[in-house]
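Laboratory data are not the source of any read-out in this text; all were calculated from the coordinates shown. Just so it is clear, the model here is predicted, and its values are computed rather than measured. Glycine gets a Cβ as well: all are built from the backbone with ideal geometry, and neighbour counts include every protein chain shown.
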Amino acid sequence: MVLVENLLDTKGKTVWQINPEASVYAAIKLMDEKGIGALAVTSQDKLVGIISERDYARKVILKGQTSQGTRVEDIMTKEVLYTFPQQKIEDCMVVMTQHHIRHMPVIEDKKLVGVITLGDVVKAIIDDQKIKIDHLEQTISWGESY
């Protein structure tokens, strides 16, 4: 059983974040610089939302807005689904799939301690399954008679 904390230990706990008053341009620029698809939106060290490339495409570009004239708080997702370090990654996958989200903040003691992506979760599940398969293959090969 792989937990979110195991995933964060492997992936790292760096969380890129932005202030809600920042321009969408600043958010998109930071995402580009860091090679990521979403940012946690924080105010006074509290998670207040999340902004993704999808938010930008749907709420700025398609509505004819400008990225420099639009603030992050105007397009961010405010109802953020999050998880905890002790949560099983399979449970996260279910929530992420059901709600069509790709990024999930990780909260511990009311603090943002990481962000996991659907890709991170899928990779961790595949890696865990590979370990189980290898173990089963070893077990089976030990039981063979020659």
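Relative contact order, percent, of region 4-142 when contacts are C-alpha pairs under 8 Å separated by at least 6 residues? The normalised contact order for region 4-142 reaches 25 percent. In this structure, the pairs whose alpha-carbon distance is over 27 Å, taken from 63/110; 13/63; 34/111; 59/123, are 63/110; 13/63; 59/123. Here the gap between residue 46 and residue 118, fully extended at 0.36 nm per residue and compared with their Cα-Cα distance, gives a gain of 23.6 nm. Can you pull the percent of Cα pairs in the chain with separation above 28 Å? Above the 28 Å cut-off, the chain has 29 percent of its Cα pairs.
In region 10-80, a dipole from Cβ-located charges (positive for Lys and Arg, negative for Asp and Glu) runs towards its positive end, and of 40, 50, 12 it is 12 whose Cα lies farthest in that direction. Spin-label model, residue 140/residue 86: points 7 Å from Cα along the beta carbon direction are separated by 3.7 nm. Counting only DSSP H runs of at least 4 residues, each contributing -39500 (n - 2.57), and dividing by the residue count of the chain, the helix-based mean residue ellipticity at 222 nm comes to -12500 deg cm²/dmol. Estimated at 0.36 nm per residue, the fully extended path between residue 71 and residue 129 surpasses their Cα-Cα distance by 16.6 nm. Which value, in debye to the nearest 20, describes the size of the charge dipole of region 4-142 about its Cα centre when Lys and Arg Cβ atoms bear +1, Asp and Glu Cβ atoms bear -1, and nothing else is charged? That gives region 4-142 a dipole magnitude of about 440 debye.
With kT/(6 pi eta Rh) evaluated at 10 °C and eta = 1.306 mPa s, and Rh the Kirkwood radius from Cα pairs, region 94-137 diffuses with a coefficient of 132 µm²/s according to Stokes-Einstein. Of the residues 87, 105, 60, the one whose Cα sits farthest toward the positive end of the charge dipole of region 1-120, with +1 on the Cβ of Lys and Arg and -1 on the Cβ of Asp and Glu, is 60. Using a Gaussian network model of the chain in which every pair of alpha carbons under 10 angstrom is joined by a spring, one finds that among 49, 35, 114 the greatest mean-square fluctuation is at 35. Neighbours of residue 72, meaning other residues whose beta-carbon lies under 10 angstrom from its beta-carbon, give a summed charge of -3 when Lys and Arg score +1 and Asp and Glu score -1.
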